[in-house]
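What follows is one structure encoded as structure tokens, with my remarks underneath.
The values are calculated or read from the model by the stated rules, or taken from the named source; none is laboratory data. This is a predicted model, so every value here is computed, not measured. Backbone-built Cβ (ideal geometry, glycine too); neighbour counts: all protein chains shown. Accessible surface is based on the protein model in full, side chains and every heavy atom, while ligands, DNA and RNA are left aside. Shrake-Rupley method; radii C 1.70, N 1.55, O 1.52, S 1.80 Å.
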Amino acid sequence: MSESVTSPGKTPVDFWFDPLCPWAWMTSRWVLEVEKVREIEVRWHVMSLAVLNEDKLDELPEQYREMLATQAWQPVRVVTAAWQKHGDGILGPLYTALGTRIHNNGEGPTVEAIAGALADVGLPADLIDYAEQENFEFDAELRASHKDGIDRVGQDVGTPVIALPGPDGEQIAFFGPVVTPAPKGEEAARLWDGSVAVASVPGFYEIKRTRTQGPDFSNL
């Protein structure tokens, strides 16, 4: 993973996302709210649901397998190509443009939505060619970024992965937090403070409950 330079006085927070995932999108909007009320700076990284699941396709429901085969590769390939050609700084703006179109606007992970997102942030239109590239030019870089996030958090997770300061200053990585709708203002700050608190406890691994509603994009 290439390490972005963090602003003086800011705590770096690393965030791995697949633009296809609605839950990662919700969490990403929360952490951007936290940037407004706490001294943190988010550093964005790509991961891939397709890579995550490629060795266990036989265990997945048919509908999910079809989604991975037909939709999962295109957005993350374009994002990876943009990152490799235009640097770390493009990841956050492009993710925001993609997520707004795919999730908030309901366009889905279509080629048209990806092309529109590229235009929204002023990137070259020909980056869309990477969506359908048979032998993806930046496959090694995508897989290395994905592996970096998974190596930090473990195998039994998905996206998002977030790495934040632990008790000794070294980063602790978690899957999540999974939350809907995305908290704002002081509510976002309280969730962040709680995340820092659990990361400060050696041996802490998991809190979980059953999801009773889907992602709510209405306040984004």
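Structure notes:
- Screening residue 106 against (1) surrounded by 15 or more Cβ atoms within 10 Å (Cβ to Cβ); (2) closer than 23 Å to residue 180 by Cα; (3) more than 13 Å from the chain's Cα centre (by Cα) leaves a single unmet condition, (1).
- Residue 35 vs. criteria in contact with a Lys or Arg (Cβ under 6 Å, 6 or more places away or on another chain) and within 22 Å of residue 14 (Cβ to Cβ): no
- Within the range 30-80, the set of residues being among the aliphatic types (A, V, I, L, M) and over 16 Å from the mean Cα position of the chain (by Cα) comprises 37, 40, 57, 60, 67, 68, 69.
- Residue in the range 125-138 that is charged (D, E, K, R), within 21 Å of residue 27 (Cβ to Cβ) and open to solvent by 10 Å² or more (accessible area, probe 1.4 Å) present: no
- Residue pairs meeting the criteria (Cβ under 9 Å; at least 6 apart or on separate chains; first over 13 Å from residue 21 (Cα atoms), in the range 39-57; second of a type in the set (Lys, Arg) and at pLDDT below 95): 39/10; 40/10; 41/10; 53/65; 57/65
- Looking only at the range 167-188, and only at residues there that are buried (at least 19 other Cβ atoms within 10 Å of the Cβ) and hydrophobic (A, V, I, L, M, F, W, C), the one that is nearest to residue 49 (Cα to Cα): 175
- Positions within the range 11-33 being over 16 Å from residue 47 (Cβ atoms), part of a helix (DSSP H, G or I) and open to solvent by 10 Å² or more (accessible area, probe 1.4 Å), in sequence order: 29, 32, 33
- Among the candidates 191, 118, 164, residue that is within 20 Å of the chain's Cα centre (by Cα), open to solvent by less than 40 Å² (accessible area, probe 1.4 Å), aliphatic (A, V, I, L, M) and within 21 Å of residue 22 (Cα to Cα): 118
- Qualifying positions in the range 34-59 - surrounded by fewer than 14 Cβ atoms within 10 Å (Cβ to Cβ) and not in a helix (DSSP H, G or I): 39, 54, 55, 56
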